[in-house]
1. When THR573 is evaluated against the numbered criteria (1) crowded, with 23+ Cβ neighbours inside 10 Å; (2) among the β-branched types (Val, Ile, Thr); (3) under 29 Å from the mean Cα position of the chain (by Cα), which criterion, by number, is the only one it fails?
2. Can you tell me how many residues in the stretch 235-264 are touching a Ser or Thr at 6+ places or on another chain (Cβ under 7 Å) and part of a loop (DSSP other than H, G, I, E, B)?
3. Give the stretch 103-148 a look and list any residue that's of a type in the set (Val, Ile, Thr), open to solvent by 30 Å² or more (accessible area, probe 1.4 Å) and in a helix (DSSP H, G or I), or say none.
4. Pairs please, first residue from the stretch 423-445 and in contact (Cβ under 8 Å) with a residue 24 or more places away in the chain, second anywhere and charged (D, E, K, R), Cβ atoms under 6 Å, 6+ apart in sequence or on different chains.
5. Looking at this structure, is GLY423 surrounded by fewer than 17 Cβ atoms within 10 Å (Cβ to Cβ), over 27 Å from the mean Cα position of the chain (by Cα) and under 30 Å from ARG129 (Cα atoms)?
6. With respect to TYR98, determine if the residue is touching a helix residue (DSSP H, G or I) at 6+ places or on another chain (Cβ under 9 Å), open to solvent by 20 Å² or more (accessible area, probe 1.4 Å), over 25 Å from ALA311 (Cα atoms) and at pLDDT 95 or above.
7. Among the residues of the stretch 334-350, what is the count of those that are closer than 17 Å to TYR299 by Cα and either open to solvent by 20 Å² or more (accessible area, probe 1.4 Å) or modelled with pLDDT under 95 (or both)?
8. As an exercise: evaluate TYR415 against (1) more than 27 Å from ALA172 (Cβ to Cβ); (2) free of Cβ contacts under 8 Å to residues at least 60 places away in the same chain and give the number of the one condition it does not meet.
Amino acid sequence: MTKKIGLLASLLISSQVLLAQSPWSQRMVASIMANNPDSISYKREDGSKGTAHWEYETGVLLEGVKQVWYRTADDRYFNYIQKNMDRFVTADGDIRTYRLDDYNLDFITPGRSLLLLAQQSLPTKEKYRKAADLLHKQLTQQPRTKEGGYWHKKRYPYQMWLDGLYMAEPFAVEYNSLYGGSDGSGNKHYDDVINEFVWMEKHARDEKTGLIYHGWDESREQKWANPKTGNSPNFWSRAMGWYAMALVDVLDYIPQSNPRRGELIAILKRFMPALVKYQDPKSGCWYQVTDRMGDKGNYLEASGTAMFVYALAKGVRMGYLPASIMTAAHKGYDGMLKTFISTDAKGLIHLEKTVVVGGLGGTPYRDGSYEYYLSEPIRQDDLKGVGPFIMASVEMEIAAEDDLGKGKIVAVDNYFNHESRKGYMHTDGSVEQEPFHYTWDDRQHSGFFWWGNIFHDLGAKTATITGAPTEASLKGVDVYIIVDPDTPKETPKPNYVSEADINAIANWVQAGGTLVLMANDTSNCEHKHFNQLAARFGMQFLPKNRNMVQGDHFEQGKISIPAGNQIFPKTRTVYIKELSPLDIKAPAKAAVTDSGDVIMGVAKVGKGTVFAVGDPWLYNEYVDGRKIPAIYQNFQAAKDLAAWLLSQGSSTGANSATSKR
């Protein structure tokens, strides 16, 4: 018995040590999942579990969990998101506990998790689309101000709150980017999203401080509303945090070509420096009432601080804000760790000092006074603070590694591989053909979304080359990926690799470009012309198929990588099925071999580099952690390979590819 107790104690200590060595984002998610394994809800005052319902706090938390999934490819995080959505979404797409006719913007926020699930290769994904359609229907019917801004809730008539912009707009803009009508109605909805930010700033921004008031009442009927301006009387950090996070998140989906995109960036550039002026110089955190630093009763508050750090760090990463403002993000994040993070006896961390709520009007009436904001209770592990803390932590983790790819372009070919399929049905009922197989935007099994996300985290931008490779189309591209050229079976009129294509690519490599050639097995890839390109660099894809995996016998696709491999320093075992091995000669060399076959090859040519492998093995299905056993490190291999590719030579000049990030 004594030995068993000792063993259990040893295992507990080991697990605590491993947890303590994990990034802060993962540690916080571990705490939440440990305390809320089945559903997300707060404990009642008597210690019992509260009733879970459809609300925005779950949506905010799951946004953070999603970002940790993207950073780790650990399917526990995906399963947690899906499980929490499945508690509410019925088989026919209805949402349990949701009431559309409340017209409450808070109910929209979890819709972002619905959009995530609707884009996956899942047998039940249509129910998530239907549920998202229901939330979109609410927005189309949401009561509005005379100008067109959403009322925060039906029971708060004529009022716009900063909170509402995070609750609704990131969902609205992503929904529109996926399902917006092809007749131009989609562009109108981009205007709706942009207008919300423009109008809120126009009505509620204080010219003296640059800060934005919590709420604006168009009618001036509320007791809290300034009779002249309609604004509430104070600056609440979390309210402005919602606004800041919404800004950086909606910009992910506003097209680069949209003429009004710059309006949002200009607002962000005005707003964030104003917030930094009110950062506590000692702790690096922000106060509950933002501009009343050090006043009686005011306190440093966790959720607002986390939101500001997230928006600052992401704004810098995406190029919206100057790099110099990252100093404030680092200071704020360090302050959070010192001021708000505690650790319990189990090694789980907790977020302290998040205010439970902050509102205007209602019953009992909330007057928006300084005293009101200080009267609301604070709570440990309040999800409105935990979610932003996780997201801020992820941004800081990315900031620690994104120097490698800064200023570099990674382009995938969509000319030699040009398959298409029916896309999503738009809101107007139309269905268009969309490119698929190894595209950056495709989040289903067939796409390169995950690999593209890895390149982004390393600081690079991704692009798509839709035409033939030429000096002009390759100008400014640092890494050019050609994957699985089409056969007539896949595309009626394939674009075969020509001599002109080969010369253009070879010249680009000689000048310093990094080329990636990914073939496929002989029945799914056009080898003849592709091999003419590969031959210029001493490589050939052989007419031989191996690793022909039967069903879920994943061991049949196992490839071992010995320690010391320069391309894959952190990867030992990967899964590659149905691949063509390589034949190599100078200048090419074997990079990875197995059972006498060359699986991957590398050639140094002039100032450039060529990497070749006989399968497009890094597509989502085998990288996102949902299908293959954890022993296969394809996600880590994708990171290793991306870092190695970005560290090779680069070409110079302006990018002419279609850039997407």
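The values are calculated or read from the model by the stated rules, or taken from the named source; none is laboratory data. Note that the structure is a prediction, hence the values are computed from the model and not measured. Here Cβ is always computed from backbone atoms with ideal geometry, including for glycine, and neighbour counts include all displayed protein chains. The area values use the complete protein model at the heavy-atom level, side chains included, leaving out ligands, DNA and RNA. Shrake-Rupley method; radii C 1.70, N 1.55, O 1.52, S 1.80 Å.
1. Tallying (1) crowded, with 23+ Cβ neighbours inside 10 Å; (2) among the β-branched types (Val, Ile, Thr); (3) under 29 Å from the mean Cα position of the chain (by Cα), THR573 fails exactly one: (1).
2. 2
3. Pass one, the stretch 103-148, residues of a type in the set (Val, Ile, Thr): 108-109, 124, 140, 145.
Remaining after also requiring open to solvent by 30 Å² or more (accessible area, probe 1.4 Å): 124, 140.
The one that is of a type in the set (Val, Ile, Thr), open to solvent by 30 Å² or more (accessible area, probe 1.4 Å) and in a helix (DSSP H, G or I): THR140.
4. Pairs that qualify, where the first residue is in contact (Cβ under 8 Å) with a residue 24 or more places away in the chain and the partner is charged (D, E, K, R), are ASP428/ASP183; HIS437/GLU419; TRP440/LYS660; HIS445/GLU621.
5. Here the answer is no, as GLY423 does not meet what is asked.
6. Yes: the conditions hold for TYR98.
7. 4
8. (2)
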